[in-house]
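Please read the structure below before turning to the comments.
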Amino acid sequence: MNYHIPYRFLGFFLLATFYTSFSNAQNSDFETVLKDINKTKPSKYVSIDSLLKPFERDSVKIKHLLEATKANFYDEGTCYALNALGVINRDISNYDKSIKLHLEAKQYAEEANSIELKIISLNMIGVAYRRMDIIKPALDYHTEALKTAYSVSNPSTTISRSIAVSQNSIGNIYLALKQYDLAINQFKKSLIIENEAENKLGLAINYHNIGYAEEAKGNLDAALANYKKSLEYNNAIDSEIGRVICDNSIGSIYLKKENFEAAEPIIKEALEKALLLEDQFYISDSYLNLGELEIGLNRLSSAEKNLKKALEIATSYNLKSSVAESNKLLSEINQKNKNYKTALDYYQKAVEIENTILTEQNLQYVNDIAIEYENENKNNQIKALALENEAVRLRLERNKRILLYTSLALAILGIALFIINRTKALKRDKHILTLEQDMLRSQMNPHFIFNSLNSIKLYIINNEKENAVYYLNKFSKLIRKILMASKEKETSLNDELETMKLYMNIENIRFSNEIDFTINVDESINTEITKVPSLVFQPFLENALWHGLSSKSEDKKIELNVFKNTPDFITVEIIDNGIGRIASGKIKDNKKLKRKSVGIDITKARLANFSEAFSNTYTLDIEDLYDNDIPSGTKITLQIPTKKLKTKAPNLASKST
């Protein structure tokens, strides 16, 4: 059985980085090129690439280029250098550094007002996220690149090729969603552009991806034909990494056809090439294919060693799909060896990882292994009893009754424990649901909705149509985000901050836009990956507004700062320059109608529940601020954990050297 669904279709897309033809600058001296480029400062990507293409993989020269272009305030050259360094870091699986470099490149492209370089930078960011299996931001960046490219009325050759890259990426998204016909349609669109440009690398990428879609549909002959066509183009451009990917793909087709004799030399050659390239991504993929081949040849011991190598590399470099596939194949080996408990452990790890990437899972297979494991346990018990009673056969009937009663007692005990655990789980789920409902009621209270709509109504009455439409749009977006957040226990820090901007924008109407609200986020924090409980900041902002600033006449400020002092937490500060808690408390005591605020209590309970999946728990500190003993505001300091509880690592003690 072939469990291995490799990164081959994604791997070819990763080659689509800077693909313009080589120029005469290949033989140029770097220092001469550097002086020339800093003097002439070409703005077009094709011109920059024609000079720097021979040096784009040399990190030392590219760093020198980066320093020189920054010193010379040459933004286009700086953008090119940052993207080149990003690709170098991506190819050694240093993805966080790669994303940071490409994001900085995008900023320089925007400062240079270069749409070409901006589109290239957006596609680069998407590639890095795709390689980390973080699909949402990858799709967002590729889509933004495509929209930006289509906004150009007379696109250059570079922009046209960037459109091909974006279409190829969207095709790969369809592959991940198993929409193979839609994926093939996208790849064919990309092929048209690559054919017109006579870009052999782009043609190699798209033919390979079409081959993968045909393979997934079960059209093995069509897949093989496309893989071989892709290999021809890779040979034409002398792409070693392309040959590795094609060899693995062709070898996989032979494996599915059970033509092991044809598959073995191709797969082994792919591994040798991958080891020379020192790219851990493709080394892991090659070991997976080799392990699968050896399973087919019934070399289970050798297969296990190679698969554990693949698992070790994939785990080290956070290659989630490769980790999942390694565990599946190791599960198959242990199943063949009748080690059903170990097989179950490996497969459960694979399913757990796939749940973070895919939208569906194969529960039936897990159940089958679980049943086999239970049967193995019962058989072992029976064998143990038989050996024990061999010397006392006269007591066999009594022992059978003992076994029956013991099994019955264990069954009753098991059922009781299941009921107890199930009851606890239901209570916990009910508590979580209650918290989520209370949270939604807190955000959607009638006063807020009525006052917001009333403020918008005043704009309409005063014939301020633009303001009315603007704030009505903001209000609808906020309500939609609140309703969506109510369905999720957690959200990305980026989405949370966007929601808070909308909330403060709406609330500021009622303060005549007097409140100066700012958000500051540390650049080292990846807001797309960092998770927080949904709508966790809103109660603190609401308190700052209505208890701190509502009674103040002027100079109303709220600051939301996010930074990271330790690897285990992100720290969030909400600072207002209001009247302070003491004065606010006195005002509240003098009110005839007193409303009990439960927003903070609900938030604490939600934070406690959120922290259960992490190594540390949250902390919350509320500090009164003073200026010469005069209350000058309140500071909320919230530390949210980011380090997940560790899972047991697989045993790699038997790996070969």
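Each value in this text was obtained by applying a stated rule to the coordinates, not by laboratory testing. What you see is a predicted model, and the numbers here were worked out from it, not measured in a lab. Cβ atoms come from the backbone with ideal geometry, glycine included; neighbour counts cover every protein chain shown.
For region 258-369, what does the relative contact order come out to in percent, with C-alpha contacts under 8 Å and a separation of six or more? Relative contact order here is 19 percent.
If I take R0 = 35 Å and measure r between the Cβ atoms of Thr143 and Glu272 in this structure, what FRET efficiency does the formula 1/(1 + (r/R0)^6) give, to the nearest 0.05?
For Thr143 and Glu272, the calculated efficiency is 0.35.
Here's the picture: charge each Lys and Arg Cβ at +1 and each Asp and Glu Cβ at -1 in region 210-319, and of Leu311, Ile245, Asn226 the one pushed furthest to the positive end of that dipole is Leu311. Mind giving me the FRET efficiency for Lys338 and Ala613? R0 is 35 Å, r the Cβ-Cβ distance, nearest 0.05 is fine. Efficiency at R0 = 35 Å is approximately 0.50. Taking other C-beta atoms within 10 Å as the exposure proxy, Phe281, Phe614, Phe187, Phe517 rank Phe614, Phe517, Phe281, Phe187 from fewest upward. Computed from point charges on the beta carbon alone (+1 for Lys and Arg, -1 for Asp and Glu), the dipole magnitude for region 258-369 about its Cα centre is near 420 Debye. One Cα centroid belongs to region 140-194, the other to region 88-115; the line between them spans 20 Å.
Taking other C-beta atoms within 10 angstrom as a stand-in for reagent exposure, Met504, Met124, Met484 fall in the order Met484, Met504, Met124, fewest first. Run through region 470-578 and list the trypsin sites (Lys or Arg not before Pro) located in a DSSP loop whose Cβ has at most 10 other Cβ atoms within 10 Å. Qualifying residues, ordered by number: Lys487.
Going down the table (Lys474/Lys564; Lys136/Lys256; Lys106/Lys349; Lys106/Lys309; Lys556/Lys588; Lys61/Lys188), which pairs top 26 Å between alpha carbons?
Lys474/Lys564; Lys136/Lys256; Lys106/Lys349; Lys106/Lys309; Lys61/Lys188
Taking other Cβ atoms within 10 Å as a rough exposure proxy, Ile461, Ile529, Ile456 sort from fewest to most as Ile461, Ile529, Ile456.
If you wrap the tightest convex hull around every Cα atom of region 258-369 and split its volume per residue, you get 103 Å³. Working note: Debye formula, equal point scatterers on the alpha-carbon atoms of region 510-641, no solvent; log10 I(q)/I(0) at q = 0.10, 0.13 Å⁻¹ is -0.36, -0.61.
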